[in-house]
1. Please find, among B:I123, B:I36, B:I70, the residue that is in a helix (DSSP H, G or I), farther than 27 Å from B:A137 by Cα and in the same structural domain as B:Q180 (by TED's automatic domain parsing).
2. Within the stretch B:182-196, take every residue that is in a helix (DSSP H, G or I) and more than 12 Å from chain A (Cβ to nearest Cβ) and give me the one that is farthest from B:G352 (Cα to Cα).
3. Given the structure, is B:P271 touching a residue at least 40 places away in the same chain (Cβ under 8 Å), farther than 25 Å from B:I70 by Cβ and more than 25 Å from the chain's Cα centre (by Cα)?
4. Wholly within the stretch B:237-318, which helices (runs of 4 or more DSSP H) include no fewer than the required count, namely at least 2 residues that are more than 14 Å from every other protein chain (Cβ to nearest Cβ) and out of contact with any Leu (no Cβ under 7 Å at 6 or more places or on another chain)?
5. Would you please name the residue that is nearest to the other protein chains (Cβ to nearest Cβ), looking only at residues in the stretch A:346-372 that are of a type outside the set (A, V, I, L, M, F, W, C), farther than 18 Å from A:W277 by Cβ and part of a loop (DSSP other than H, G, I, E, B)?
6. Suppose we filter B:I322, B:I328, B:I333 for residues that are farther than 24 Å from B:Y394 by Cβ and surrounded by 24 or more Cβ atoms within 10 Å (Cβ to Cβ); which single one remains?
7. What are the residue pairs meeting all of these: first residue in the stretch A:217-231, first residue closer than 13 Å to A:Q202 by Cβ and within 7 Å of chain B (Cβ to nearest Cβ), second residue part of a loop (DSSP other than H, G, I, E, B) and of a type in the set (F, W, Y), Cβ atoms under 7 Å, and 6 or more apart or on different chains?
8. Return the residue satisfying two criteria in turn: it lies in the stretch B:164-181 and is part of a helix (DSSP H, G or I) and over 23 Å from the mean Cα position of the chain (by Cα), and of such residues it is farthest from B:G358 (Cα to Cα).
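The values are calculated or read from the model by the stated rules, or taken from the named source; none is laboratory data. Bear in mind the structure is a predicted one, so any value in this text is a computation, not a measurement. Backbone-built Cβ (ideal geometry, glycine too); neighbour counts: all protein chains shown.
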Amino acid sequence: MRKRLLAMATLTVLVFAACNSSGTGGSGAPGGTGAAGGGCLVGVSWNNYDQERWKKADEPAIKKAIEAGGGTYTSTDAHDASEQQNKDIDTLINKGVKVIILLAKDAASITPAVTKAEQAGIQIIGYDRLIEDEKALYITFNNKRVGTIMAQELLAVQPTGNYAIIKGDPGDANAKFLRDGMDEGGLKAAVDSGKVKIVGEQNTPNWDTTGAKNEMQAILNANNNKVDAVLSENDGMATGVSQALQAVGLNIPLSGQDGDAAALNRVALGQQTVSVWKNAFALGETAGNAAIQMCAGTKLADVKAPSDLPDASKPADLASHPFTTPGGKTVTSFILNPTPIKKDNLSAVIDSGWVTKDQVCAKVTPGSVTPC
Amino acid sequence: MTSSVATSEHETGSLRDRVMDLVRATEIDGRLLGMIVTLIGIEIGFGLYTGGSILSPVNLLTFATQAVQIAIIATGMVLVIVSRNIDLSVGSVLGVVAMTYAVLMHEVFPTTIGVDTPYGWLIALGAGLLIGIILGAIQGFLIAYMKIPSFVVTLGGLLAFRGLVFDISGGSTQAPDDTQFVVLGGGPLGSLGGTISWAFGAVIIVAIALYLYYNRRQRRRFGFPVRPMWAEVGIGVVGLLIVVGGVAISNAYHWPAGLIEQYAAQHGISPEGLVIEAGVPWPAVILLAVTLVMTFLATKRKFGRYVYAIGGNPEAAELGGINTRWTIMKIYILMGILCAISAAISSAQINGATNDLGNGYELLVISAAVIGGTSFAGGVGTIPGAVLGAIVIYALRYNLQYIGLPSNNQDIVIAVVLIAAVAFDTYSRRNAT
């Protein structure tokens with residue numbers, strides 16, 4: 001009996017230790033918490049901080065913009081659990097934040113916490129993912145446009161011929177946005193005019209790499225390898241597709257998105273045409289900057305996007321615009337543009353600190369592309 | 001011919017009984033035969049639907065190669081389930097090992113021993129194998145010696161090792177692998193080539209003949225009943241036909257135009273009229289080797305007999321003096337090794353490693369084993385059955401992709417066919433006894 005009690009006590013201590021360490025992991029730097037400075041305290045509620053992107057790009061950019069405006073940054077991480085995220089918002093409210101930047105795990109289940117925060121006089125920024133709330137500011141990328149750019153870039157190098165389309169998870173709304181974007185980018189027109197024929201189109205459950213490779217093999221075999229271009233909806237699947245193409249000696253135009261280091265390396269090697277990159281530094285800067293403006297009492301409709309954003313990411317103008325949500329609500333929003341990364345602008349991703357030169361230039365013949 | 005078999009009291013039985021007797025005389029597992037019939041049925045069905053185009057060598061080779069990762073792990077899953085345990089961690093273990101291979105070849109080697117060295121890929125393989133053994137041993141220890149249910153331990157493994165993948169990769173895709181390593185993934189460049197494939201086939205045929213001869217002699221020596229001579233010869237001939245057919249199909253697939261052009265350019269020759277036979281893909285060779293070794297371990301070694309004894313009745317096995325704990329732990333170490341082998345093929349097939357590699361494999365592997373005749377009640381299951389189970393799943397998936405059915409409807413068709421196949425088997429067995 002005593003032994004079991006001891007074991008349980010030890011376990012409890014361990015669990016608390018683990019929670020603590022992961023809880024502080026987000027804020028990290030000394031002075032990260034505590035509103036004592038008198039400036040604006042901005043809290044970020046991460047959904048899944050363990051994914052590389054947030055740590056590498058979004059967080060430093062948000063932090064920099066907040067600190068530049070005299071504010072203080074603090075954060076929580078929900079470990080990909082919507083229930084935990086509701087608790088995290090409580091924590092941030094109790095810490096006395098003025099603005100919450102929210103990367104929501106689930107748009108619907110976070111609503112109670114959002115309402116609670118707003119009742120406490122806290123303003124909300126829906127970051128990267130939509131929350132159905134008219135009082136919130138929504139900052140994201142134009143996802144449909146990612147598909148548009150993919151189609152445009154591939155059609156520019158391969159205006160005619162057989163196209164294969166490897167789409168993402170059938171249950172992910174994004175996969176459909178991307179596909180619609182492709183049609184807007186000229187794919188539908190090219191198909192209608194008979195210049196382009198779609199010889200294979202398949203959804204990939206879970207955006208799985210090996211699944212995408214298997215689908216590509218089936219499409220290649222069904223068409224005697226007569227495929228002229230492949231629209232892959234992201235870089236992970238493009239990794240599988242690229243290998244299926246190389247295995248039969250094909251080097252044809254191929255798209256992707258996310259700016260994965262491996263994909264950028266393929267762009268440098270000439271094995272992938274384009275990786276559409278969402279510049280997370282720009283997204284973070286916009287959010288941090290907006291939070292400071294909101295803290296200073298600027299009305300939501302008058303909040304402006306920062307003027308020093310990279311040209312490629314900058315929206316058409318710096319003013320916010322109304323955005324109609326799938327739920328029929330109108331929210332104030334900044335919609336940033338994704339950036340096509342091709343052979344000629346690889347330096348952009350290296351200069352911004354997104355990837356290193358070594359990652360992009362692995363196995364590339366020196367001098368064959370600009371940064372290598 | 002029939003009369004020589006029907007020596008039993010079934011002499012006057014129906015045609016059905018006579019067929020069953022024939023099968024029984026060859027000592028071939030009924031479920032195995034069912035799987036083969038299902039596979040042939042699938043291929044004939046799709047062959048008719050596509051006007052025969054789906055039966056071309058490249059299609060058969062493609063799905064066979066796609067099934068290999070699942071089939072390899074399924075050979076071990078049979079033993080896990082036979083011993084009344086489960087392993088949910090296989091996909092994550094595969095993920096960890098595959099990521100280790102890719103990180104070593106992509107990040108570590110370039111700054112240490114260099115890219116594409118002749119031995120680099122072997123170092124990577126060795127390291128991956130070691131990690132597989134360690135992860136398997138940890139889980140095996142917790143299950144066998146700490147008596148924690150295998151479902152819980154390997155569920156923990158499923159979660160924890162997937163987390164570990166992100167730690168090893170730093171969250172991003174690691175690619176490419178060394179060029180020698182990619183050969184393990186198959187495809188025209190990862191195959192034996194025409195001549196070596198025939199030599200490989202010849203070795204196997206000789207091995208089959210020797211095995212049949214040796215087995216018959218041993219049985220005679222110890223006074224065990226032997227198969228009737230016609231059955232021995234029949235099995236030999238069928239084996240011969242399968243090997244010759246397999247090699248012939250593999251060699252009938254020729255390098256595609258793009259590769260021929262690359263090859264011709266590299267060697268300064270004209271691509272006109274150049275034909276290169278692909279031959280047996282490396283993953284198929286590896287799967288064959290794994291299946292043989294695993295079948296040998298399961299049926300001819302003490303280890304295998306212990307596993308089946310534990311599955312049949314754990315208490316009796318323990319009382320009978322079997323070191324059940326060590327046996328169980330060995331099964332999980334074996335699983336680690338199989339996952340590492342499978343990881344090499346997975347990583348080679350996409351030339352690198354993504355964080356999702358191996359995701360969801362646990363269900364596919366368990367399905368392959370169960371469809372192939374492994375019983376959750378313990379004690380029953382064969383390794384060749386599990387391999388065939390994996391091949392049937394991928395044959396269906398690939399053929400449905402080939403005809404362009406949307407992925408959600410593929411799932412529906414696969415589900416219906418698999419349940420029907422197992423239901424038919426269950427039904428015919430119940431009626432047979």
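1. Of B:I123, B:I36, B:I70, the one residue that is in a helix (DSSP H, G or I), farther than 27 Å from B:A137 by Cα and in the same structural domain as B:Q180 (by TED's automatic domain parsing) is B:I36.
2. Ranking the candidates gives B:T195 first.
3. no
4. By residue number, B:282-300, B:302-312.
5. Here the answer is A:K363.
6. After ruling out the rest, the residue left standing is B:I328.
7. none
8. B:T179
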